[in-house]
Amino acid sequence: MNTKTKTTNVATFSRATLPITCPACSASLGTIDVQNLSQRRAWGIAISSLDIEAPDDPALTAEAGLIRGACPSCDAELAAFWVTFKRDHGADRADEPQSPSLSLALHGEAYAGWAMIETHEGGVDCIEHLFGPVADERAEEAFEYVRDFMTDLPRPEAD
Ligand SMILES: [Zn+2]
């Protein structure tokens, strides 16, 4: 508790885009594009929230959610999920716009890499970790994997 050690268990690789592909047939479901981030959930039909433990740091908020949809090529029912950490720096930082960034993230415990999206808006630093898609029936299992290394996921640092 209360250590300042930064996580070293997650490796990140900067990317301009990352493909979203069907795990069953490899068809494209879209692209995660740092210039057009709203497209990252476009393949989904339904979005719901997932329960997640609050971070140890009270200045951080955490949210998790699930995207469900189907592959237009093979009709496989698919799900992806995300974990988001936000840190509000207050109004004094609100007028420092910064471009979002996108990375491929990898962890030794993960079944696959995932997309890490960092945004800075209105004084709020946000890091979203977007996993999947996976077959819908595997989504719960995949989220349990992520719970095992949740504390390793990068999150916005304090100043
Ligand atoms: Zn498919």
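The values are calculated or read from the model by the stated rules, or taken from the named source; none is laboratory data. Remember, predicted model here, so these are calculated numbers, not experimental data. Using ideal geometry, Cβ is built from the backbone for each residue, glycine included, and neighbour counts are taken over all protein chains shown. Only protein heavy atoms, including side chains, enter the accessible area calculation; ligands, DNA and RNA are left aside. Shrake-Rupley method; radii C 1.70, N 1.55, O 1.52, S 1.80 Å.
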Condition check: within 16 Å of the ligand (Cβ to nearest atom), part of a strand (DSSP E or B) and surrounded by 18 or more Cβ atoms within 10 Å (Cβ to Cβ). Does Leu29 satisfy that?
yes
All conditions in (1) within 16 Å of the ligand (Cβ to nearest atom); (2) modelled with pLDDT under 95 are true of His120 except (1)
The condition from (1) in contact (Cβ under 8 Å) with a residue 24 or more places away in the chain; (2) within 16 Å of the ligand (Cβ to nearest atom) that Lys86 misses is numbered (2)
Looking at Ala110, Ala80, Ala76, can you tell me which residue is more than 21 Å from Asn36 (Cα to Cα), within 16 Å of the ligand (Cβ to nearest atom) and open to solvent by less than 30 Å² (accessible area, probe 1.4 Å)?
Ala76
Subset of the range 46-92 [modelled with pLDDT of 95 or more and either among the acidic types (Asp, Glu) or assigned to a loop (DSSP other than H, G, I, E, B) (or both)]:
Glu63, Cys71, Pro72, Ser73, Cys74, Asp75, Ala76, Glu77
Answer yes or no: is there a residue in the range 32-49 that is closer than 21 Å to Ala11 by Cα, away from the ligand (no atom under 16 Å from the Cβ) and open to solvent by 20 Å² or more (accessible area, probe 1.4 Å).
yes
Kindly provide the set of residues from the range 50-73 that are surrounded by fewer than 15 Cβ atoms within 10 Å (Cβ to Cβ) and touching a Cys at 6+ places or on another chain (Cβ under 7 Å), ordered by number.
Ser73
The one condition in (1) among the aliphatic types (A, V, I, L, M); (2) out of contact with any helix residue (DSSP H, G or I) (no Cβ under 9 Å at 6 or more places or on another chain); (3) open to solvent by 90 Å² or more (accessible area, probe 1.4 Å); (4) at pLDDT 90 or above that Ala16 fails to fulfil:
(3)
Give me the pairs, please: first residue somewhere in the range 123-149 and among the hydroxyl-bearing types (Ser, Thr, Tyr), second residue anywhere and open to solvent by 10 Å² or more (accessible area, probe 1.4 Å), beta-carbon distance under 9 Å, and either six or more positions apart or on two chains.
Tyr145/Glu109; Tyr145/Ala110; Tyr145/Tyr111
Log entry, pairs with first residue in the range 27-41 being without any contact (Cβ under 8 Å) to a residue 60 or more places away in the chain, second being open to solvent by 60 Å² or more (accessible area, probe 1.4 Å) and assigned to a loop (DSSP other than H, G, I, E, B), beta carbons closer than 6 Å, six or more apart or on different chains, reads Ala27/Ser73; Gly30/Ala42
Step by step: first the residues of the range 61-73, then only those that are within 26 Å of Ala27 (Cβ to Cβ) and in contact with a Phe, Trp or Tyr (Cβ under 9 Å, 6 or more places away or on another chain), then the one that is nearest to the ligand (Cβ to nearest atom). Which residue is that?
Cys71
Residues of the range 6-20 that turn out to be within 16 Å of the ligand (Cβ to nearest atom) and touching a residue at least 40 places away in the same chain (Cβ under 8 Å), as a count
1
